[in-house]
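Asks: For reference, the structure I am asking about is given below.
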Amino acid sequence: MKQFQIDFIEFALSRQVLKFGSFTLKSGRTSPYFFNAGLFNTGSDLAKLGRFYAAALHDAALEFDVLFGPAYKGIPIATTTAVALADHYNLDVPYCFNRKEAKTHGEGGNLVGSPLKGRIMLVDDVITAGTAIRESMQLIQAQGAELTGVLIALDRQERGQGELSAIQEVERDFNTKVISIISLPDLISYLADKPDMAKHLDAVKAYRAQYGVNA
Ligand SMILES: O=P(O)(O)OC[C@H]1O[C@H](OP(=O)(O)OP(=O)(O)O)[C@H](O)[C@@H]1O
Ligand SMILES: O=C(O)c1cc(=O)[nH]c(=O)[nH]1
């Protein structure tokens, strides 16, 4: 594991973004851990989060035209990533996000910000079963745009609709590349190095045996 990944796990733990317990997921699965990006809830947290995302994008060297953050938690992620790309990489990238419910007055519609055109880089917090990404794809395709890549904080490496991981399915179905700052094996090796975290390690491993891609 790389140092920035350890730093990211510790950043998430320190803000209680990464928590252990019992959580119901969008997929209906009950998980012993949860990543709640909404708890990066101060200006300095968001600025730091944006730097992690911008650095990951810079490293991946994927070309794109517009950043897209799916509602809701993708919205501040896209915003802070755009700011970090401008501040730290001299890249002035347009960004866009959606409303979960279309607006019927004023400018109307369900997209806010830049037009969703060209090569789209989608940024979000996690992928579990891939539902959120598939919903976003409908928006992207409806605009005639192309999904060039997806960047998330945590790849939970869970099965999607079949035996492949949700991410492998997304890559296959949309001919795109998914990158993450950390993935489940990084979290497991971090927990394994911390004796006081042993009780969480067992629960996370048991969950992986049930829903993980290698189960
Ligand atoms: O891969 P999936 O199984 O779709 O799960 C992951 C998605 O679930 C959450 O979004 P959600 O729409 O629940 O909530 P939000 O409005 O808080 O972003 C999360 O932010 C991801 O977008
Ligand atoms: O699958 C989900 O719903 C989910 C998992 C997770 O770790 N964090 C989150 O916000 N949603």
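The values are calculated or read from the model by the stated rules, or taken from the named source; none is laboratory data. Worth saying up front: this structure is predicted, and the values here are computed from it rather than measured. Here Cβ is always computed from backbone atoms with ideal geometry, including for glycine, and neighbour counts include all displayed protein chains. The area values use the complete protein model at the heavy-atom level, side chains included, leaving out ligands, DNA and RNA. Shrake-Rupley method; radii C 1.70, N 1.55, O 1.52, S 1.80 Å.
Asks: So which of Phe68, Phe64 ends up being at pLDDT 90 or above, in contact with a strand residue (DSSP E or B) (Cβ under 6 Å, 6 or more places away or on another chain) and part of a loop (DSSP other than H, G, I, E, B)?
Replies: On the way: Phe68 fails: part of a loop (DSSP other than H, G, I, E, B).
Going through Phe68, Phe64 in turn, the sole match is Phe64.
Asks: Have a look at Asn110, Asn90 and point out the one that is of a type outside the set (A, V, I, L, M), open to solvent by 60 Å² or more (accessible area, probe 1.4 Å) and without any contact (Cβ under 8 Å) to a residue 60 or more places away in the chain.
Replies: On the way: Asn110 fails: open to solvent by 60 Å² or more (accessible area, probe 1.4 Å).
Residue meeting the stated conditions: Asn90.
Asks: Go over the candidates Lys48, Lys117, Lys26 one by one and state the one that is open to solvent by 50 Å² or more (accessible area, probe 1.4 Å) and at pLDDT below 95. Reasoning before the result, please.
Replies: Numbers: Lys48 fails: at pLDDT below 95; Lys117 fails: at pLDDT below 95.
That would be Lys26, the only listed residue that is open to solvent by 50 Å² or more (accessible area, probe 1.4 Å) and at pLDDT below 95.
Asks: Can you tell me which residue among Ala145, Ala206 is surrounded by fewer than 16 Cβ atoms within 10 Å (Cβ to Cβ) and touching a residue at least 40 places away in the same chain (Cβ under 8 Å)? It would help to see each step written out before you state the result.
Replies: Numbers: Ala145 fails: surrounded by fewer than 16 Cβ atoms within 10 Å (Cβ to Cβ).
That would be Ala206, the only listed residue that is surrounded by fewer than 16 Cβ atoms within 10 Å (Cβ to Cβ) and touching a residue at least 40 places away in the same chain (Cβ under 8 Å).
For every residue, the table says whether it meets (1) under 25 Å from Arg29 (Cβ atoms); (2) part of a helix (DSSP H, G or I).
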residue: Phe97; (1), (2): no, no
residue: Glu107; (1), (2): no, no
residue: Met121; (1), (2): no, no
residue: Ala129; (1), (2): yes, no
residue: Ala132; (1), (2): yes, yes
residue: Ser136; (1), (2): yes, yes
residue: Gly149; (1), (2): no, no
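Asks: Quick one: in the range 148-200, of everything that is open to solvent by 10 Å² or more (accessible area, probe 1.4 Å) and of a type in the set (Val, Ile, Thr), which residue is farthest from Leu116 (Cα to Cα)?
Replies: Ile188
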